[in-house]
1. Would you mind checking region 89-132 for residues with the amide N under 11 Å from a putative spin-label position 7 Å along Cα→C-beta of D68?
2. What is the distance in Å between the Cα centres of region 87-136 and region 34-58?
3. Roughly how many nanometres apart are two label points built 7 Å out from the Cα toward the Cβ at R39 and D53?
4. Between D135 and D117, with labels modelled 7 Å along Cα→Cβ, what's the label distance in nm to one decimal, could you check?
5. Given a 1.4 Å probe and every protein chain left where it sits, what share in percent of the accessible area of the chain is carbon and sulfur?
6. Given H placed 1.01 Å from N in the peptide plane, which residues other than close sequence neighbours of I133 have an amide H under 5 Å from its amide H?
7. Based on DSSP loop calls and a cut-off of at most 12 other Cβ atoms within 10 Å, the longest stretch of the chain free of exposed trypsin sites (Lys or Arg not before Pro) is what?
8. Just the number please: accessible area per residue for region 1-123, 1.4 Å probe, all protein chains included, in Å².
Amino acid sequence: MYPYTYKLSLRIRHPEFDPQLFSDTLGRQPKRAWRVGERRTTPKGDLLEGHHDSSYWTSPLTPPDDSDLPSFIRRTVEDLKPHDSFFRHIRDTGGSVECFIGLFADSVNIGVTLTYDLMAALGSLGIDLALDIYDYKVEEIPSP
């Protein structure tokens with residue numbers, strides 16, 4: 001077992017596109033999504049002041065087993081390769097795509113190496129990497 005657990009999600013932001021396009025194209029349902037101009041809400045649906053200035057969509061990427069983080073990222077890159085032109089289109093029209101990683105330490109000190117070829121594979125898809133590191137067990141932190 002690794003001295004950490006992790007959660008991944010794919011996040012897309014765009015100044016104009018309807019997030020339903022992201023679901024339809026990727027064949028994934030979002031955990032949370034909103035369209036530019038919609039009223040802001042909390043995750044529970046309570047109204048907040050203001051409206052969203054861009055569209056947002058996020059969907060969890062669930063590891064099929066107890067893979068180490070680099071192995072799962074590599075598998076995710078392979079799964080997302082068929083959508084590389086879609087990701088480029090999002091970027092070319094002012095949006096962004098990122099792989100968000102929540103890394104939860106089960107001990108005081110952990111280390112994970114993301115090799116240059118893995119980072120290059122993410123980069124070739126136009127996917128940024130966002131990494132949050134927590135010194136808690138995953139059960140104690142809400143999902144990203």
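The values are calculated or read from the model by the stated rules, or taken from the named source; none is laboratory data. Owing to the predicted nature of the structure, the values given are computational and were not obtained by experimental measurement. For neighbour counting, all protein chains shown are included, and Cβ atoms are generated from backbone atoms with ideal geometry for every residue, glycine included. With ligands, DNA and RNA removed, areas are computed over all heavy atoms of the protein, side chains included. Shrake-Rupley method; radii C 1.70, N 1.55, O 1.52, S 1.80 Å.
1. 111-115
2. 24 Å
3. Result: 2.1 nm between the two label points.
4. 3.5 nm
5. Roughly 50 percent, rounded to a whole number.
6. Under 5 Å from the amide H of I133: L103.
7. Working: sites that count: K44, K137.
That would be 45-136.
8. Values: 6860 Å² over 123 residues.
On a per-residue basis, region 1-123 sits at 56 Å².
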